[in-house]
Amino acid sequence: MIRNATQREPLAGSVDVIVIGAGHAGLAMSRCLSQHSIDHLVLERGEIANSWRQERWDSLRLLTPNWQSRLPGYGYAGPDRDGYMTMPEVIGFIEGYAQAVGAPVRTDTTVTSVTATDDGYCVVTDRGLWRCRAVVMASGAHNIPLVPAVGATLPESVQALTAKDYRNPGQLDDRGVLIVGASATGLQLADEIQKSGRRVTLAVGEHIRMPRVYRGMDIQYWLDALGILDERYDEVEDLARARHIPSPQLVGTPQRSTLDLNALTQRGIDIVGRLVGVNGSKLQFSGSLNNHCAMADLKLSRLLQRIDDWAERCRKGSRIASPERFAATRVESAPRLGVDLQKQQIGTVIWATGFRPDYSWLHVPAFDRKGGLRHEGGIVDWPGLYALGLNFMRRRKSSFIHGAEDDVRELGLHLAGYLRRRHGVASRDGRVISRAAMAIRTGDLH
Ligand SMILES: Cc1cc2nc3c(=O)[nH]c(=O)nc-3n(C[C@H](O)[C@H](O)[C@H](O)COP(=O)(O)OP(=O)(O)OC[C@H]3O[C@@H](n4cnc5c(N)ncnc54)[C@H](O)[C@@H]3O)c2cc1C
């Protein structure tokens, strides 16, 4: 048994399952639990869709098209199926879902600790303590920005921001900006900040290059059709690596334009290799830029070939545009290996180097030596504990909106079975009611 002092908090109540987080994943799980007639509550520290309200920059649009914004029992119903939602539209979409599924959400309730007890879990919040049989952590995969160690040695004369802090160019002084990281976020910020009139340098490491539209169809159509987004965690050769693959260089714009390194360098954005060192005001970049770009070009051609082969087999005779190949990424033969922040008048560094989940409130021994959550496709290595929305958790699409449906269905089934086998008694209508919840209802709690 694992307990801590926080259990002295007043008891707010008891349910079979607590879901932590009212983003799309937590809400989808709520719908699934309701379908299994499982008593549950969704605890949310802010408002519904909080991450989209609080943690994204102003101009962001989804990089997945509207037709792909689908959740269990719900989907985009507007007129622009090929468009890309703005942040207010995403928030409206998720709020609409919460209403449609009647999710029992307690907003403004922050979970501060989760501990295991003899018969389940004790979930402490800033509004009292809950007891439950099982916990679903739908608290997001993008809670904490990852900043490489060299970040700690930046001189104080530069403003350092993460993609989570950045809202719009109005936050920046007029000097140049270095953006570290060239995946979807890094490219989108480089594009916006350069258009605001500032000089931008982009540090580029491993990246995934993709055209927005290929053969007349959104690239997401092809990834979907080829089954790439459905690839399962137990099918890939190197899962650890697959879970760390960067997001593709994509942007959602009304023009459906491609945003790649060529588009940026053509407009005067400087590209350099990975940031590897800081020495006073001097920054050092690795000499790997050419290799990273060549590798991204090669992977792009392989993907396009796969698409062409599939189209030849499965869409023969249908009206799709002809195959196309794109110019190789243009890189100087000897890209710069150093930049002097002072001489180049760079006033801001923005880290677009990824995120990790925050489970600092989880006091259960379910972490590996590196602090990662030990789980098998979201079934955590501790009975009755589940995760949602993590990168390549059960499938390549797990961390995307449309990825919730399959994961939630499978984890919901597992959870229902767990409650039945381990704790449950079935009521007359077949509803799973835990012994502890019944004890609480009959006043027999100690
Ligand atoms: C910049 C960016 C762009 C993205 N673009 C797309 C896209 O185009 N298409 C797409 O499909 N996906 C996209 N994603 C990925 C993914 O869809 C989002 O990250 C999405 O927000 C994840 O949903 P979620 O429900 O798993 O987590 P979140 O939406 O993060 O929801 C988690 C909820 O848990 C709450 N919470 C966290 N900790 C606690 C706590 N201790 N107590 C109580 N509540 C807590 C949070 O407030 C939040 O509301 C993007 C992600 C990022 C970061």
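The relative contact order of the chain, computed from alpha carbon pairs under 8 Å that lie at least 6 residues apart in sequence, is 23 percent. Straightening the chain between Ser318 and Asp118 buys 66.0 nm, computed as 0.36 nm per residue apart minus the Cα-Cα spacing.
Projecting the Cα atoms of Gly197, Ala184, Leu172 onto the charge dipole of the stretch 165-207 (Cβ charges, centred on the Cα centre) puts Gly197 farthest toward the positive pole. You can think of it this way: the chain between Asp358 and Ala242 has 39.7 nm of extra reach, that is 0.36 nm per residue less the Cα-Cα gap.
Axis of helix 87-101 versus longest Cα principal axis of the chain: the two differ by about 20°, to the nearest ten degrees. With helices as the sole contributors, the chain gives -7500 deg cm²/dmol at 222 nm; each DSSP H run of n ≥ 4 counts as -39500 (n - 2.57), and the sum is divided by every residue.
Descending by average beta-carbon neighbour count within 10 Å, the peptides 69-79, 21-31 line up as 21-31, 69-79, the highest first.
Per-peptide packing, taken as the mean over residues of other Cβ atoms within 10 Å, places 151-162, 367-378, 340-351 in the sequence 340-351, 151-162, 367-378 from highest down. How large is the translational diffusion coefficient of the stretch 130-210 in µm² per second when you combine the Kirkwood radius over alpha carbon pairs with Stokes-Einstein at 10 °C and 1.306 mPa s? It diffuses with D of about 106 µm²/s by this estimate.
Just name one of Ala294, Thr329, Ile307: the one whose Cα is farthest towards the positive end of the charge dipole of the stretch 287-356 (beta-carbon charges, Lys/Arg +1, Asp/Glu -1). It is Ile307.
For the stretch 221-377, the convex hull spanned by the alpha carbon atoms encloses 209 Å³ per residue. Taking every C-alpha pair closer than 8 Å and separated by at least 6 residues, the mean separation divided by the residue count of the stretch 282-385 gives a relative contact order of 31 percent. Largest first and in whole Å, the equivalent-ellipsoid semi-axes of the stretch 84-126 read 31, 13, 9, each the square root of five times a Cα gyration tensor eigenvalue. Looking at the chain, what % of its DSSP beta bridges pair antiparallel, to the nearest 5? Just about 45 percent of them are antiparallel.
Close lysine pairs were tallied over the chain: pairs 8 or more places apart or on different chains with Cα atoms under 30 Å apart number 15. Taken as Cα centroids, the stretch 19-72 and the stretch 257-305 sit 34 Å apart, rounded to the nearest whole angstrom.
Sequentially through the stretch 175-182, phi angles give Karplus couplings (6.51, -1.76, 1.60; θ = phi - 60°) of 6, x, 10, 9, 10, 9, x, 10 Hz, Gly and Pro residues having no value and appearing as x. Per-residue 3J(HN,Hα) values for the stretch 39-49, derived from phi via the Karplus relation 6.51 cos²θ - 1.76 cosθ + 1.60 with θ = phi - 60°, read 4, 7, 9, 10, 9, 10, 6, x, 10, 4, 6 Hz in sequence order (x marks Gly and Pro). Seen against the Cα atoms of the chain and their longest principal axis, helix 404-418 is set at about 30 degrees. With a Förster radius of 41 Å applied to the C-beta separation of Asp340 and Leu11, the computed FRET efficiency comes to 0.10. A simple charge model with +1 on the Cβ of Lys and Arg, -1 on the Cβ of Asp and Glu and nothing else charged puts the dipole of the chain at about 360 debye relative to its Cα centre.
Helix 24-35 and the long axis of the chain differ in direction by around 30°, with both axes built from C-alpha atoms. Summing +1 for each Lys or Arg and -1 for each Asp or Glu among the other residues whose beta-carbon sits under 12 angstrom from that of Asp297 gives +4.
The peptide list 227-240, 40-53, put in order of mean Cβ contacts within 10 Å with the highest first, becomes 40-53, 227-240. Segment Ser157..Asp234, full-extension length gain: 23.0 nm, with 0.36 nm per residue of separation and the alpha-carbon distance subtracted.
Taking a Cβ cut-off of under 13 Å around Met87, the surrounding Lys, Arg, Asp and Glu residues balance to a net charge of 0, with basic ones at +1 and acidic ones at -1. In this simple spin-label model, placing a label point 7 Å from the Cα along the Cα-to-Cβ direction at both Ser288 and Asp126 gives a separation of 4.0 nm. Only Cα pairs under 8 Å and 6+ residues apart enter the sum, and on that basis the relative contact order of the stretch 6-117 stands at 34 percent. Other residues lying with their Cβ under 15 Å from the Cβ of Glu192 contribute a combined charge of +4, Lys and Arg counting +1, Asp and Glu -1.
A short reminder: the numbers here are calculations on the coordinates, not readings from a lab. Here the structure is a predicted model, which means the values were calculated and not measured. As a convention, Cβ positions derive from the backbone with ideal geometry for all residues, glycine included, and neighbour counts pool all protein chains shown.
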